[in-house]
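The values are calculated or read from the model by the stated rules, or taken from the named source; none is laboratory data. What you are looking at is a predicted structure, and each value in this text was computed from that prediction instead of being measured. In this analysis, Cβ positions are derived from the backbone assuming ideal geometry, glycine residues included, and neighbour counts consider all displayed protein chains. To get the accessible areas, we keep the full protein, side chains included, count just its heavy atoms, and leave off ligands, DNA and RNA. Shrake-Rupley method; radii C 1.70, N 1.55, O 1.52, S 1.80 Å.
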Amino acid sequence: MTAPQLITNATTNITGMYTIFQYVVEVAPMFFILVLFALLIILFVIFRGSSYTNAKPFAGSCFFVMVMSILFRVMNFIDNKWMYVFITIMAGSMVWLHLENSQS
């Protein structure tokens, strides 16, 4: 039985973290999108540990993930449409936070 061949990209010389991330995007294009969604859930759970309602932790985690998505877009790790998805989620969380605060 022979060992499986690793996926390699002979056209790019990997010299640092940025080129490793470019290689990851070539091999698995959804990697950074899934990282952002996982980060959104993890941050929400961490922020929810405090005594706030659901709107504040969700808005905080959405803001952080939106900033990260903009940085990933600038580095060309994700497409524009995914950055717009995270900006839209952030806008929705702001509306939810505003509605919750106006009821108090």
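Restricting to segment 56-88, give me the number of residues that are farther than 22 Å from Gln22 by Cα and either acidic (Asp, Glu) or open to solvent by 50 Å² or more (accessible area, probe 1.4 Å) (or both).
6
Any idea which residue in segment 66-89 is nearest to Phe47 (Cα to Cα), counting only those that are of a type in the set (A, V, I, L, M) and in contact with a Phe, Trp or Tyr (Cβ under 6 Å, 6 or more places away or on another chain)?
Met66
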